[in-house]
Amino acid sequence: MPSRSLPGGGDLPEAVTIGVSITVPEPYGSAIQDARDGHGDPLARSIPTHVTLLPPTEVPCERLPDIEKHLSAVAAEHAVFPMLLQGSGTFRPVSPVVFIRVEEGAQECRVLEAAVRSGPLARELAFPYHPHVTVAHGLPDEVLDAAYEKARTFHAAFDVLGFCLSRFDADEVWRPWRGYLFGQG
């Protein structure tokens with residue numbers, strides 16, 4: 001199999017772990033990442049601030065051209081929409097996660113997630129899809145409680161222009177790979 005090059009150099013292995021998400025823009029993305037880091041979340045700097053559309057998914061690299069075509073088609077069929085991130089939520093006791101709620105744009109995220117997670121990216125989920133932005137994960141209860149309280153006053157409003165295909169690298173850092181703007185093929 002001929003190898004494909006990664007953006008910035010390097011060759012792809014036989015399989016790669018990808019994810020698809022809406023990037024939370026600046027200054028909000030850094031503010032949430034700083035808060036996550038301040039809570040002692042070891043993943044804070046290895047995951048850009050985002051709303052997940054496709055969770056980590058391992059795919060054979062030979063399928064990447066079909067996946068990229070699929071994501072281009074999904075983006076072309078959707079339009080820019082407003083998003084409001086406001087207040088806190090949690091998945092406890094099921095999962096030790098505290099998040100910022102998607103107050104506006106949640107329905108658009110659900111429609112987009114279903115479109116992304118179809119065709120070559122069809123897969124089952126461990127939990128029902130719930131759009132959110134993680135601020136603390138896998139930390140002691142008292143830290144999760146503090147993160148929940150701090151996130152209660154968070155407020156960010158912005159337009160979602162598209163989504164991003166990211167890859168999980170060998171250094172266990174998620175990196176943006178390719179962006180897809182809405183309304184473009």
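The values are calculated or read from the model by the stated rules, or taken from the named source; none is laboratory data. Note that this is a predicted model, so its numbers are computed, not measured. Every residue, glycine among them, receives a Cβ derived from its backbone with ideal geometry; neighbour counts consider all protein chains shown.
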Surrounded by fewer than 18 Cβ atoms within 10 Å (Cβ to Cβ), on the phi < 0 side of the Ramachandran plot and part of a helix (DSSP H, G or I): which single residue out of D145, D159, D171 fits that description? D145
For E113: the one exception among (1) among the acidic types (D, E); (2) touching a residue at least 60 places away in the same chain (Cβ under 8 Å); (3) within 17 Å of R167 (Cα to Cα): (3)
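For region 119-142, give me each residue that is within 15 Å of I47 (Cβ to Cβ) and either without any contact (Cβ under 8 Å) to a residue 40 or more places away in the chain or buried (at least 16 other Cβ atoms within 10 Å of the Cβ) (or both). Reasoning before the result, please.
Within region 119-142, the first condition is being within 15 Å of I47 (Cβ to Cβ), and the residues that meet it are 132-139.
Answer for region 119-142, where residues must be within 15 Å of I47 (Cβ to Cβ) and either without any contact (Cβ under 8 Å) to a residue 40 or more places away in the chain or buried (at least 16 other Cβ atoms within 10 Å of the Cβ) (or both): H132, V133, T134, V135, A136, H137, L139.
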Any chance L85 is assigned to a strand (DSSP E or B), crowded, with 16+ Cβ neighbours inside 10 Å and either at pLDDT 95 or above or of a type in the set (V, I, T) (or both): yes
Just to verify a result, which residue in region 69-85, among those that are touching a Phe, Trp or Tyr at 6+ places or on another chain (Cβ under 9 Å) and not aliphatic (A, V, I, L, M), is nearest to R178 (Cα to Cα)? S72
Of (1) modelled with pLDDT of 95 or more; (2) within 27 Å of A156 (Cα to Cα); (3) part of a helix (DSSP H, G or I), R36 satisfies all except one. Which? (1)
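On the basis of being of a type in the set (V, I, T), outside any strand (DSSP E or B), within 23 Å of F127 (Cβ to Cβ) and at pLDDT 95 or above, does V20 make the cut?
It is false that V20 is of a type in the set (V, I, T), outside any strand (DSSP E or B), within 23 Å of F127 (Cβ to Cβ) and at pLDDT 95 or above.
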